[in-house]
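Novice: Following this message is one structure expressed as structure tokens.
Nothing in this text is a laboratory measurement; each read-out follows from the coordinates by a stated rule. As the structure is a computational prediction, the values presented were derived from the model and not from experiment. Cβ sites come from the backbone with ideal geometry, for glycine too, and all protein chains shown count toward neighbours.
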Amino acid sequence: MGAGAEKAMYKIATILISIPVAKAVRAGVAKAWVKARPGSPSTNPKDPGADWKDAIGFAALTAAGSAATEVLIRKATDKAYVTATHMDPPPVPPTKAEKKLLKAQAKAAKADAKK
């Protein structure tokens, strides 16, 4: 199987896995919010009756849910990929910051080589 086919299969697996994981985490965040704030305060900061503490708390809970979703999707997709192909999953692509650091290191190495 070529590298392009492997990447495509990994992307398809990610999409198929992300939908139920995102729905489950969204439901979990909603339940956690109701449990933490039984009065069901407004979560929309644009709502005139919204308390800023509630809006910030809900935003923090949602951000934690989003981060958990990303980790769960990656782990589940990796496991499914290994099970289906018996090969290691593709490496995680570098972030913007990592790319910038690598570029700066290459530039510094090139400057040192000229000396």
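Novice: With θ taken as phi - 60° and the coefficients 6.51, -1.76 and 1.60, list the Karplus ³J(HN,Hα) couplings across the stretch 86-92 in order, rounded to whole Hz; mark glycine and proline as x.
Specialist: With coefficients 6.51, -1.76 and 1.60, one gets 6, 10, 5, x, x, x, 6 Hz.
Novice: Under 19 Å from a point 7 Å along the Cα-to-Cβ line of residue 51: which residues of the stretch 4-37 have their amide N that close?
Specialist: Under 19 Å, as judged by backbone N against the label point of residue 51, lie 30-37 of the stretch 4-37.
Novice: How would you rank 52, 33, going from fewest to most other Cβ atoms within 10 Å of each one's own Cβ? Provide the component values of the computation, followed by the final result.
Specialist: Values: 52 8, 33 19.
Arranged by neighbour count, lowest to highest, 52, 33 become 52, 33.
Novice: Specify which residue in the list 111, 91, 55 is farthest towards the positive end of the charge dipole of the stretch 3-114, using unit charges on the beta carbon of Lys, Arg (+1) and Asp, Glu (-1), about the Cα centre.
Specialist: It is 111, whose Cα lies furthest towards the positive end.
Novice: Taking the Cα centre of the chain as origin, sum charge times position over the Cβ atoms of Lys and Arg (+1) and Asp and Glu (-1), and report the length of that vector in debye to the nearest 20. Let's see the in-between values first.
Specialist: Values: 20 positive and 9 negative charges, 99 e Å.
For this selection, approximately 480 debye.
Novice: Follow-up. What's the angle, to the nearest 10 degrees (0 to 90), between helix 96-114's Cα axis and the longest principal axis of the chain?
Specialist: The angle comes out at about 30 degrees.
Novice: Would you mind classifying the stretch 59-115 by shape? Square roots of the alpha carbon gyration tensor eigenvalues, ordered a ≥ b ≥ c; an a/c under 1.5 is rounded, otherwise it is prolate if a/b is larger than b/c and oblate if not.
Specialist: Values: a/c = 7.81, a/b = 1.64, b/c = 4.75.
It is oblate, given that a/c is not under 1.5 and a/b is not larger than b/c.
Novice: Given Cα pairs under 8 Å that are at least 6 residues apart, what percent is the relative contact order of the stretch 31-115?
Specialist: Values: 28 pairs, mean separation 10.2, N = 85.
Over the stretch 31-115, the number comes to 12 percent.
Novice: Run the simple label-point estimate for residue 72 and residue 107 please: 7 Å along Cα→C-beta, distance reported in nm.
Specialist: Using points 7 Å along Cα→Cβ, the separation is 4.1 nm.
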